[in-house]
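The values are calculated or read from the model by the stated rules, or taken from the named source; none is laboratory data. The structure displayed is predicted, hence computed values, not measured ones. Because the Cβ atoms are built from the backbone with ideal geometry, glycine has one as well, and the counts that use them run over all protein chains shown. We work out accessible area using only protein heavy atoms, side chains counted, and drop any ligands, DNA or RNA first. Shrake-Rupley method; radii C 1.70, N 1.55, O 1.52, S 1.80 Å.
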Amino acid sequence: MEALIAELEQANLGKLLFDEPLTKHTTWKIGGPADLLILPAGKEQLIAIVKLLIKHGHSWTNLGRGSNMLVTDKGIRGVVIKPAGGLDYVRFEGATAIAGASYSFIKLSVMAGKQGLTGLEFAGGIPGTVGGAVYMNAGAHGSDVSRIFKYADIVLETGELVRYGAEEMRFDYRHSVLHEMKGLVLEAAFELAEGDRMEIASAMASYKERRLRTQPLQLAVAGSVFRNPPGDYAARLIQEAGLKGFNIGEAQVSEMHANFIVNTGHATARDVLALMSHIQSTVEQRFGVKLVPEVLVVGER
């Protein structure tokens with residue numbers, strides 16, 4: 001690691017943070033430290049960082065806004081890459097929105113609406129970055145990334161830069177090919193359509209009002225914890241199992257939305273994992289349904 005750090009510092013490819021607490025970088029505010037957290041200064045710097053990691057035989061963990069991720073209490077060994085300011089941009093080319101990996105997905109939907117472009121209204125309440133949204137095929141309100149996706153520029157673990165279209169991404173429910181292979185999204189393009197600004201704004205306001213009314217977004221949460229099973233809703237099953245408000249340590253099933261787990265103070269990853277396991281076993285015993293986690297669990301066990 002010392003040789004890698006020396007080359008990274010010499011090349012000045014971005015900010016290096018050592019033993020960085022990942023509580024600062026996840027919306028659950030949970031997680032131990034990363035041995036080394038790198039914040040690349042831009043696309044070229046990120047590619048150069050990956051090539052240096054390959055040269056020195058180090059793998060890495062991707063981190064966006066940390067809105068759909070549970071970092072274990074022991075943290076993440078080795079290198080974590082978090083695309084930062086140099087990848088925080090958007091531009092519009094006709095009806096195509098092109099955004100950097102660290103650009104806010106919510107902000108992208110707002111900016112598209114201001115351009116009079118429809119198709120991203122569903123994203124108005126999805127926390128996270130463009131890179132994370134592509135990785136997870138993020139969705140809401142009956143739509144998702146796959147329906148508007150045009151292409152993404154991705155740096156692979158080999159250091160190769162590729163452009164993947166929708167077919168190569170192999171999108172499925174909260175899934176993309178990036179779950180099966182290591183790669184970092186640098187930039188993504190979305191094919192939108194011309195629409196009425198007032199109608200777009202109205203739809204987004206309606207979605208936002210509904211989320212604020214039904215989801216505990218003002219608290220430390222990570223979005224939906226479990227995937228919706230076919231033909232049903234995870235929140236309904238958890239609520240019907242009588243688990244709203246149930247807690248283990250300082251991790252609690254939200255009183256507002258049963259598919260959210262709230263960090264009520266100083267919850268640990270161990271608390272959250274134990275609560276998730278209890279929810280799964282209770283729902284399976286009551287309804288015969290095995291809930292599948294939507295959040296990603298990363299770090300040393």
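Average 1/r across all pairs of distinct alpha carbons in the chain, invert it, and you get the Kirkwood radius: 20.0 Å. Ordering 56-67, 204-215 by mean Cβ neighbour count within 10 Å, with the highest value first, yields 56-67, 204-215.
Summarising the amide proton neighbourhood of residue 79: residues at separation of 5 or more, or on other chains, whose placed amide H is nearer than 5 Å comprise 61.
For residue 244, the lysines whose Cα falls under 24 Å of its own Cα, not counting residues fewer than eight places away in the same chain, are 29, 208, 290. Annotation for region 11-56 versus region 146-214: alpha-carbon center distance of 23 Å.
In the chain, what percent of the accessible surface is made up of carbon and sulfur (1.4 Å probe, ligands and nucleic acids excluded)? Walk me through the intermediate numbers first.
On the way: 6750 of 13660 Å².
It is 49 percent, rounded to a whole number.
Straight-distance candidates among the aspartates and glutamates for linking to residue 182, with alpha-carbon spacing under 12 Å and chain neighbours fewer than 8 residues away dropped: 157, 160. Across region 135-152, rounded Karplus estimates of 3J(HN,Hα) from the backbone phi angles (6.51 cos²θ - 1.76 cosθ + 1.60, θ = phi - 60°) give 4, 8, 6, 4, x, 5, 6, x, 9, 7, 4, 4, 6, 10, 5, 10, 6, 9 Hz, Gly and Pro being marked x. Entry comment: accessible area of region 1-85 is 43 Å² per residue, from protein heavy atoms only and a probe of 1.4 Å.
Can you give the calculated 222 nm mean residue ellipticity of the chain, where each DSSP H run of n ≥ 4 adds -39,500 (n - 2.57) and the sum is split over every residue, rounded to the nearest 500 deg cm²/dmol?
Working: 8 runs with 88 residues, N = 301.
Computed ellipticity for the chain at 222 nm equals -9000 deg cm²/dmol.
Consider all pairwise Cα distances in region 160-301 and report the whole-number % of them above 28 Å.
Numbers: 3634 of 10011 pairs.
Everything past 28 Å amounts to 36 percent.
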